[in-house]
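Since the structure comes first, as structure tokens, the remarks are kept for the end.
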Amino acid sequence: MTYQFKPAWLDEDLVTYQQTVARFLDTEMVPHDEASRARGHVGHDIWRKAGEIGILCTDIPVEYGGGGGDFRHEALLHESMGHRGLTGMSPSVHSIVAHYFLNHGTEEQKTHYLPKLARGELVGAIAMSEPDAGSDLRGIRTRASSTGDGFKLNGSKTFITNGYLAELVLVFARMDTPEDNGRFSVFIVETKKHKGFSVGNRLKKIGLKAQDTSELFFDDISLGTKDLLGGNPGQGLYQLMADLPYERLLIADMALGAMEGAYQTTVEYVRHRMVFGKPLIEKQNTRFVLAEMVTTLKVARAFIDDCIQKILAGRLDTETASAAKLWMAQQQNILIDHCVQLHGGYGFMDEYLVGRMFSDARVQRIYGGTDEIMKEIISRKL
Ligand SMILES: Cc1cc2nc3c(=O)[nH]c(=O)nc-3n(C[C@H](O)[C@H](O)[C@H](O)COP(=O)(O)OP(=O)(O)OC[C@H]3O[C@@H](n4cnc5c(N)ncnc54)[C@H](O)[C@@H]3O)c2cc1C
């Protein structure tokens, strides 16, 4: 028996939900992870299955086809995936897409798209970054020009999570119209409906091997005002900012899940690994390193639980969410590095969970806003 890091908010219903998630991950995802990593994506089937058992869009209201739960349900899914080092499917991006619809979509857009996202019938992606614009999104070149009764979308995006499998992409674009020139909008692109849409390379990455991160191209895509998120042009930046705390808390929570999983598997390992005739855990260094991990995990859990209480109350501000994302992602990299060290050479092997977690962890300090951007945001209120 070692330390358990249970969320403070776990009640009986959530435990039942957690068990459903665990069963799904252990039967449908873990056994196929190796194949997904070799292929570079998880395939559509798993999205449909996840939708069927009700683990997608759990915090979207029932009237829009969601689970009618709240952030705790999302947290349990993301932490459980983190425990197992499952990074192929990105339900976080999918949930963020759903929240864009929920918070900014017209009633028609919500009733049309949210049930399909919840069923996993449409895999969601968000396309903001471009080759020359990541942190500084104001530098994007993807443009929407006016056609009189609608828009033509042209441009390209890169590093897009779920990009290869995505059937519904929210595209951040600059308006090239007399009225809204230079302002930004979010466009809804159903990929299968447009000949001008294409997916470029599935990008080869140093981690997240099972996750399809892709380039996307938009060539003269014809869109109507119904494809403009919220129906009014020029709202893109505001829509983007409004959803950042949610997005950053999800990333922070994934970091916590990965840390807990890495700690658990490392404790197991050092109990059985023999060095100089004794289990590795008996060395003072091993116990001290693990004791520091336990301390980090207790602080991390308290921080995340506090953020979760705040988001449930509608009070999670951007600075706090950015601080959570910054600190959790950094701690994830530090803690997992210690786990690799305690595994010795095996820690560097791809077949060991901590080895995979190590390479998956690095990007957590980059996507969803880099460490430096998080510090910029936090320091605005100094
Ligand atoms: C695996 C993966 C998945 C991703 N998924 C998505 C996705 O689904 N959708 C999407 O739109 N994007 C996605 N991204 C893109 C990601 O959000 C960007 O890579 C990230 O925001 C950084 O942008 P950049 O790569 O252009 O780096 P740059 O912005 O060029 O940054 C380079 C360096 O400069 C630093 N820097 C930049 N500005 C400042 C500043 N003001 N002060 C100090 N330092 C600064 C950065 O912190 C960084 O260290 C993904 C990226 C990866 C790697």
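Plainly put, region 12-122 has a radius of gyration that is 0.97 times its Kirkwood radius, both from alpha-carbon atoms, as the Rg/Rh ratio.
Each peptide in 118-125, 60-67 receives the mean, over its residues, of other Cβ atoms within 10 Å, and ordering these scores from highest gives 118-125, 60-67. Work the Kirkwood hydrodynamic radius out for region 235-301: mean of 1/r over every pair of different alpha-carbon atoms, inverted, in Å. Roughly 14.3 Å, rounded to one decimal.
For the chain, the 222 nm mean residue ellipticity estimated from helices alone, with every DSSP H stretch of n ≥ 4 adding -39500 (n - 2.57) and the total spread over all residues, rounds to -15500 deg cm²/dmol. Structural descriptor for region 243-379: relative contact order 35 percent, calculated from alpha carbon pairs under 8 angstrom and at least 6 residues apart.
Give LYS49/LYS226; LYS6/LYS375; LYS116/LYS157; LYS110/LYS204; LYS49/LYS195 a once-over and call out the pairs whose C-alpha atoms are over 31 Å from each other. Over 31 Å apart, Cα to Cα: LYS110/LYS204. Listed peptides 74-80, 84-90 appear in the order 74-80, 84-90 once ranked by packing, highest mean of other Cβ atoms within 10 Å at the front. Within a straight-line Cα-Cα reach of under 12 Å, LYS192 can be paired with the following aspartates and glutamates, leaving aside sequence neighbours fewer than 8 residues apart in one chain: GLU167.
Dipole of the chain computed with +1 at Lys/Arg Cβ and -1 at Asp/Glu Cβ about the Cα centre; of SER359, LEU208, VAL21, farthest Cα towards the positive end is SER359.
Here's the list of lysines a cross-link from LYS278 could span, going by alpha-carbon distance under 30 Å and ignoring same-chain residues fewer than 8 apart: LYS298. Have a look at THR87, ALA38, ASN103 and report the one farthest towards the positive end of the charge dipole of region 12-122, computed about the Cα centre with Cβ charges (Lys/Arg +1, Asp/Glu -1). Checked the options; the winner is ALA38. So how tilted is helix 244-272 from the main axis of the chain? Cα-based, degrees 0 to 90, rounded to 10. The helix 244-272 is inclined about 20 degrees to the chain. Across every direction, the projection of the convex hull enclosing the Cα atoms of region 243-379 has a mean area of 8.4 nm².
To the nearest ten degrees, helix 284-312 and the longest principal axis of the Cα atoms of the chain are 30 degrees apart. Taking the Cα centroid of region 14-53 and of region 207-276, what is the distance between the two, rounded to the nearest whole Å? Cα centroid to Cα centroid, the span is 16 Å. Under the convention that each Lys and Arg Cβ holds +1 and each Asp and Glu Cβ holds -1, the size of the dipole of the chain around its Cα centre is about 860 debye. Normalising by residue count, the chain has a Cα convex hull of 135 Å³ per residue. When +1 charges are put on Lys and Arg Cβ atoms and -1 charges on Asp and Glu Cβ atoms, the dipole computed for region 125-235 relative to its Cα centre reaches about 360 debye. At q = 0.16 Å⁻¹, what is the log10 ratio I(q)/I(0) for region 125-235, with the Debye formula run over Cα points and no solvent? For region 125-235, the Cα-only Debye profile gives -0.66.
With contacts taken as Cα pairs under 8 Å at a separation of at least 6 residues, the chain carries a relative contact order of 17 percent.
Read the figures in this text as sums done on the coordinates, not as results from a lab. What you see is a predicted model, and the numbers here were worked out from it, not measured in a lab. Counting neighbours? That spans all protein chains shown, and the Cβs are built from the backbone with ideal geometry, glycine included.
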